[in-house]
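Worksheet for the structure shown next.
The values are calculated or read from the model by the stated rules, or taken from the named source; none is laboratory data. None of the values given here were measured: they were computed from a predicted structure. With ideal geometry, Cβ positions are generated from the backbone for all residues, glycine too; neighbour counts draw on all protein chains shown.
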Amino acid sequence: MSAHHEQHFRAVENLIYEWARAIDEDRVEAIAELLQPEGRYTVQSRFNHDRGLPMAIIDARSAAQLRDRIKSMRVANIYEPHHYRHILSGVQIVGEVDGVLQVRSNFLVVRTMSLDGDMAIFSTGQCHDEVLITPEGPRFKKRLFLYDSRIIETLLVIPL
Amino acid sequence: MPTPAHASPEAVVHGPTPLREKTVRHWPAEGYTRAPYWVYTDPDIYAQEQVKIFRGKTWNYLGLEAEVPEVGSFKTTYIGDQSVVLTRAEDGSLHAVVNRCAHRGNMLCRDAFGQVKKLYCVYHAWNYNLKGDLTHAAFSHGLRGEGGLPKDFQLSEHGLHKLRVATICGLVFATFSNEVEPLEEWLGDVAAGIRRVLHKPLKVLGYDTQRIHANWKTYHENPRDSYHANILHTFYGTFGLSRQSQESGMTLDQNGRHVYFYTKAGTEKKSEDFDKTSAALRSVNDDMKLEDPSILKWRDEFGDGVSVQILTTYPSFVLHQIANSLATRQLIPRGVGESDLVWTYFGFADDDDATTQTRLVQANLAGSAGMISVEDAAVCEMMQKAMADGQSGESFIEMGGKTLESGGTSKLSERAIRNFWHNYRSDMDLA
């Protein structure tokens with residue numbers, strides 16, 4: 001484990017930061033480039049996960065489905081304008097299975113509403129990621145955002 | 001600014017604070033075609049709703065039988081503000097009790113779900129069986145002849161507050177009222193919409209809770225409002241899952257408390273009206289295509305072509321079928337300006353894996369991150385903000401006509417909302 005951690009830590013940490021920065025800078029479309037075409041992006045409550053219940057509030061089973069969700073956010077969905085700030089910590093490569101790095105990290109997302117300026121912690125939890133080192137650099141094979149609270153404040157339309 | 005330490009005592013006005021004049025509320029003369037905004041913002045109204053509606057003559061959804069499958073299974077939930085526990089007793093029967101010890105009012109169950117042999121209060125070890133009867137109180141005879149409960153104390157007189165419980169097709173409802181009619185009678189013709197979907201044993205797939213910063217009634221009106229569905233929710237129209245031009249209908253119960261709507265996909269009828277109106281609606285955007293439309297692939301599992309059915313019962317329950325996504329929604333008020341909407345996704349116990357996966361993929365369409373329906377919570381909150389203190393203004397509810405019957409079975413009607421306000425005013429004694 002520690003050998004993988006030493007060898008790939010910087011690249012993996014950077015990949016996680018790239019994802020968050022793309023969202024925080026309103027370049028959300030760019031996250032789909034960081035997910036392998038057949039990859040999976042899931043946002044699930046810890047409440048469901050702990051009980052072995054499979055339902056997730058977001059479950060994009062390909063990069064194409066993630067792009068569709070982003071497109072829906074851009075052109076179809078109605079919501080009060082807001083933006084996120086990701087605060088990330090505790091990135092660790094905890095293992096490797098068949099060449100896929102198993103990664104854990106913590107996330108905290110602050111949501112700021114554009115009209116009135118209200119700011120609040122929107123979501124916090126742990127990422128369970130699977131990362132592949134490809135010739136183009138590291139890419140997510142799977143991203144699972146496990147959020148700690150069983151509730152979502154109002155709605156989740158911008159991906160975490 | 002800090003108060004100076006030497007502030008003169010004369011500056012403080014003593015004596016009783018004059019009582020706030022009791023606000024006299026008058027419903028607009030037009031009746032149920034109007035809803036005054038104070039009804040969404042007044043804490044006194046909210047307090048009365050708890051008594052007259054949630055603890056009044058209504059059946060409130062508690063959960064699925066599948067959530068309490070075994071003897072000793074419990075679920076902690078709410079009716080209005082009141083925490084309630086649903087249990088399954090040794091004989092398999094279902095019971096609902098107020099989640100509050102009969103002794104000094106401590107909360108009994110602290111977990112959302114669990115498995116117990118009895119209900120137990122941690123404060124003074126009062127024990128209740130799974131039906132809510134008191135079976136034991138610690139040191140009830142005192143110690144060495146001292147202390148203890150009075151000689152005339154009867155365990156049977158100090159059980160938990162029990163609710164009436166009834167089920168339909170695996171849904172569990174409870175009521176505080178001894179007067180409300182039996183559940184199926186209360187549901188009337190709307191029970192058919194429940195039986196159509198819930199025709200065999202269920203399996204829970206997971207939960208999603210949305211906290212909406214708006215009065216519960218802004219959400220309660222929403223799934224009764226078939227007028228908005230294809231206008232606000234662009235995703236529906238754009239991808240052909242539901243359009244106003246498709247075959248659709250609506251059923252209300254005999255008292256207008258409950259309603260369900262349905263739409264049949266693939267029954268698009270061209271009409272001049274539709275073409276003219278749709279040109280002006282932002283929700284019909286033929287250029288927008290999904291890269292991977294497999295998310296919308298659905299199977300007509302009930303064999304009647306209905307692709308969407310939204311069913312609402314007064315005051316706190318929704319059952320949805322959106323393609324093959326099935327869920328209940330429980331509306332829990334949390335004060336005058338906040339509500340939780342608890343979505344319970346499920347399939348059938350005998351679903352094969354492919355069917356389960358279809359339901360899970362389509363869970364992307366609804367709920368707090370639902371591509372179709374994120375707008376609903378946003379609109380509830382925007383309405384609440386726009387109402388401000390609620391002291392002026394009222395909504396206008398005449399789509400489809402001005403009576404409880406007008407609008408018929410058309411989806412382009414606010415008939416179900418008029419019926420809601422009619423029942424609400426009657427229950428709340430708001431003349």
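State whether one or more residues within region B:41-64 are at pLDDT 95 or above, part of a strand (DSSP E or B), within 21 Å of B:Arg257 (Cβ to Cβ) and of a type in the set (Ser, Thr, Tyr).
Our first condition is that a residue be at pLDDT 95 or above; within region B:41-64, this holds for B:41-64.
So of that shortlist, the ones also part of a strand (DSSP E or B) come out as B:60-64.
Cutting the leftovers down to within 21 Å of B:Arg257 (Cβ to Cβ) gives us B:60-63.
After this cut, where a residue has to be of a type in the set (Ser, Thr, Tyr) as well, the list is B:61.
Among the residues of region B:41-64, at least one is at pLDDT 95 or above, part of a strand (DSSP E or B), within 21 Å of B:Arg257 (Cβ to Cβ) and of a type in the set (Ser, Thr, Tyr), which makes the answer yes.
A residue that is of a type outside the set (Gly, Ala, Ser) and within 13 Å of chain A (Cβ to nearest Cβ) occurs nowhere in region B:300-323.
Among the residues of region B:68-112, those that are touching a residue at least 24 places away in the same chain (Cβ under 8 Å), touching a strand residue (DSSP E or B) at 6+ places or on another chain (Cβ under 9 Å) and over 30 Å from B:Ala47 (Cβ atoms) comprise B:Val68, B:Glu70, B:Val71, B:Gly72, B:Ser73, B:Arg88, B:Ala89, B:Ser93. Those residues that are touching a helix residue (DSSP H, G or I) at 6+ places or on another chain (Cβ under 7 Å) and under 21 Å from B:Ala66 (Cα atoms), I need them from region B:202-231; list them, please. B:Leu202, B:Lys203, B:Val204, B:Leu205, B:Gly206, B:Tyr207 - these are the residues of region B:202-231 that are touching a helix residue (DSSP H, G or I) at 6+ places or on another chain (Cβ under 7 Å) and under 21 Å from B:Ala66 (Cα atoms). Specify the residue that is farthest from A:Asn77 (Cα to Cα); the eligible residues are those in region B:334-389 that are touching a Gly at 6+ places or on another chain (Cβ under 6 Å) and of a type in the set (Phe, Trp, Tyr). Among them, the one singled out is B:Tyr345. Could you check region A:115-132 and list, in sequence order, the residues that are surrounded by fewer than 17 Cβ atoms within 10 Å (Cβ to Cβ) and hydrophobic (A, V, I, L, M, F, W, C)? A:Leu115, A:Met119, A:Ala120, A:Ile121, A:Leu132 - these are the residues of region A:115-132 that are surrounded by fewer than 17 Cβ atoms within 10 Å (Cβ to Cβ) and hydrophobic (A, V, I, L, M, F, W, C).
Can you pull out every residue in region A:42-82 that is of a type in the set (Val, Ile, Thr), closer than 17 Å to B:Ala366 by Cβ and within 7 Å of chain B (Cβ to nearest Cβ)?
First pass over region A:42-82, keeping only residues of a type in the set (Val, Ile, Thr): A:42-43, A:57-58, A:70, A:75, A:78.
From what's left, closer than 17 Å to B:Ala366 by Cβ: A:42-43, A:57-58, A:78.
Of everything in region A:42-82, those that are of a type in the set (Val, Ile, Thr), closer than 17 Å to B:Ala366 by Cβ and within 7 Å of chain B (Cβ to nearest Cβ) turn out to be A:Val43, A:Ile57, A:Ile58, A:Ile78.
Have a look at A:Thr124, A:Thr154 and point out the one that is more than 14 Å from every other protein chain (Cβ to nearest Cβ) and polar (S, T, N, Q).
Details: A:Thr154 fails: more than 14 Å from every other protein chain (Cβ to nearest Cβ).
Just one listed residue meets the conditions, A:Thr124.
If you go through region B:307-325 and keep only what is within 17 Å of B:Arg359 (Cα to Cα) and at pLDDT 95 or above, you end up with B:Gln309, B:Ile310, B:Leu319, B:His320, B:Gln321, B:Asn324, B:Ser325. Within region B:164-177, one or more residues are more than 30 Å from B:Arg104 (Cα to Cα), under 29 Å from the mean Cα position of the chain (by Cα), in a loop (DSSP other than H, G, I, E, B) and not basic (Lys, Arg). Of all the residues in region A:85-100, those that are of a type outside the set (Gly, Ala, Ser) and either more than 15 Å from A:Trp19 (Cβ to Cβ) or touching a Leu at 6+ places or on another chain (Cβ under 7 Å) (or both) number 8.
Can you tell me which residue in region A:135-151 is nearest to the other protein chains (Cβ to nearest Cβ), limited to those that are touching a residue at least 12 places away in the same chain (Cβ under 8 Å) and either out of contact with any helix residue (DSSP H, G or I) (no Cβ under 9 Å at 6 or more places or on another chain) or of a type in the set (S, T, N, Q) (or both)? Applying the filter and picking the extreme gives A:Ser149. Residue by residue through region B:312-336, note down the ones that are small (Gly, Ala, Ser) and crowded, with 20+ Cβ neighbours inside 10 Å. Within region B:312-336, B:Ser316, B:Ala323, B:Ser325, B:Ala327 meet the criteria. Checking each residue in region A:96-129 for being without any contact (Cβ under 8 Å) to a residue 12 or more places away in the chain and more than 15 Å from A:Lys141 (Cβ to Cβ) picks out A:Asp116, A:Gly117, A:Asp118, A:Met119. State yes or no: is B:Asp340 more than 30 Å from B:Gly80 (Cβ to Cβ) and either at pLDDT below 95 or surrounded by 13 or more Cβ atoms within 10 Å (Cβ to Cβ) (or both)? When the stated conditions are applied, B:Asp340 does not pass them.
Please determine whether any residue of region B:146-168 is of a type outside the set (Asp, Glu) and under 30 Å from B:Arg299 (Cα atoms).
To start, the set of residues in region B:146-168 that are of a type outside the set (Asp, Glu) comprises B:147-151, B:153-156, B:158-168.
After this cut, where a residue has to be under 30 Å from B:Arg299 (Cα atoms) as well, the list is B:167-168.
Yes, region B:146-168 contains at least one residue that is of a type outside the set (Asp, Glu) and under 30 Å from B:Arg299 (Cα atoms).
So in region B:407-431, with the set limited to residues that are among the hydroxyl-bearing types (Ser, Thr, Tyr) and surrounded by fewer than 16 Cβ atoms within 10 Å (Cβ to Cβ), which one is farthest from B:Phe261 (Cα to Cα)? Selected residue: B:Ser426. The residue list A:Val103, A:Val91, A:Val109 contains one member that is within 14 Å of chain B (Cβ to nearest Cβ) and either modelled with pLDDT under 95 or assigned to a strand (DSSP E or B) (or both), which is A:Val109.
Taking the conditions (1) closer than 28 Å to B:Asp44 by Cβ; (2) away from chain A (no Cβ under 11 Å); (3) not aliphatic (A, V, I, L, M) in turn, B:Thr328 satisfies each one other than (1).
Residue check: is A:Gly117 on the phi > 0 side of the Ramachandran plot and assigned to a loop (DSSP other than H, G, I, E, B)? Spelling it out, A:Gly117 is indeed on the phi > 0 side of the Ramachandran plot and assigned to a loop (DSSP other than H, G, I, E, B).
Just one of A:Arg21, A:Arg46, A:Arg27 is closer than 29 Å to B:Thr356 by Cβ and modelled with pLDDT of 95 or more; which is it? Working first, answer last.
Details: A:Arg21 fails: closer than 29 Å to B:Thr356 by Cβ; A:Arg27 fails: closer than 29 Å to B:Thr356 by Cβ.
Exactly one of A:Arg21, A:Arg46, A:Arg27 is closer than 29 Å to B:Thr356 by Cβ and modelled with pLDDT of 95 or more, namely A:Arg46.
When restricted to residues that are farther than 23 Å from B:Lys297 by Cβ and at pLDDT below 95, region B:348-376 contains 2. The residues of region B:183-208 that are more than 25 Å from B:Ser325 (Cα to Cα) and more than 19 Å from the chain's Cα centre (by Cα) amount to a single one, B:Glu185. Look at region A:7-32: where a residue is closer than 21 Å to A:Leu66 by Cα, no partner that is surrounded by 14 or more Cβ atoms within 10 Å (Cβ to Cβ) and at pLDDT below 95 sits 6+ places away or on another chain with Cβ atoms under 7 Å.
Please indicate, with yes or no, whether at least one residue in region A:15-36 is farther than 30 Å from B:Ile212 by Cβ and in a strand (DSSP E or B). Within region A:15-36, one or more residues are farther than 30 Å from B:Ile212 by Cβ and in a strand (DSSP E or B).
Consider only pairs whose beta carbons are under 6 Å apart and that are at least six residues apart or on different chains; among these, list those whose first residue lies in region B:367-396 and is within 7 Å of another protein chain (Cβ to nearest Cβ) and in a helix (DSSP H, G or I) and whose second residue is surrounded by 14 or more Cβ atoms within 10 Å (Cβ to Cβ) and of a type in the set (A, V, I, L, M). Between residues of region B:367-396 that are within 7 Å of another protein chain (Cβ to nearest Cβ) and in a helix (DSSP H, G or I) and residues that are surrounded by 14 or more Cβ atoms within 10 Å (Cβ to Cβ) and of a type in the set (A, V, I, L, M), the close pairs are B:Val374/A:Leu155; B:Val374/A:Val157; B:Glu375/A:Ile78; B:Glu375/B:Leu232; B:Ala377/A:Leu155; B:Ala377/B:Ile212; B:Ala378/A:Ile78; B:Glu381/B:Ala214.
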